[in-house]
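Enquirer: I have a structure I would like to understand better, so I am pasting it below and will then ask my questions one at a time.
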Amino acid sequence: MRSRSPASVPPPGTRPARAVTTSRTDSDQEAPMGPREQLVTALNEGAEAGRRGKQPTACPYGAGDLRRSAWLRGYAKNRRLPGE
C-alpha cells in the first residue's frame, strides 16, 4: 500500500474544489429555446405572414404541433380582411 503525502489529501469535512464553468450565454452556441419561446416565435411568425397576406396553408408546422395553433392565432389576428 502506498502512502499519500499530506498535501494531496484534503482535510476531513471539506469538499474538493469544483471547476469553474462558463454560463451558456458566454458560449458561441445558442441555447435551445424553451417551449414558451417556441410558441411566441411561432405566434410572431404567423403575425408576420398575416401582415404580408400569405395563405394560412403557408404554416410551417404540422398538424398536432402546438406551434401550429400559435402560428394560426398570430395569422388570424393580423390577416387582411377582404374589404381592405
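Enquirer: Can you tell me which residue in the range 49-84 is surrounded by the most Cβ atoms within 10 Å (Cβ to Cβ), limited to those that are free of Cβ contacts under 8 Å to residues at least 12 places away in the same chain and within 20 Å of the chain's Cα centre (by Cα)?
Expert: In this case the residue turns out to be 69.
Enquirer: Could you count how many residues in the range 50-84 are charged (D, E, K, R), in a loop (DSSP other than H, G, I, E, B) and either under 20 Å from residue 35 (Cβ atoms) or in contact with a Phe, Trp or Tyr (Cβ under 9 Å, 6 or more places away or on another chain) (or both)?
Expert: 2
Read the figures in this text as sums done on the coordinates, not as results from a lab. Just so it is clear, the model here is predicted, and its values are computed rather than measured. Cβ coordinates were reconstructed from backbone atoms using ideal geometry, including for glycine residues, and neighbour counts include every protein chain displayed.
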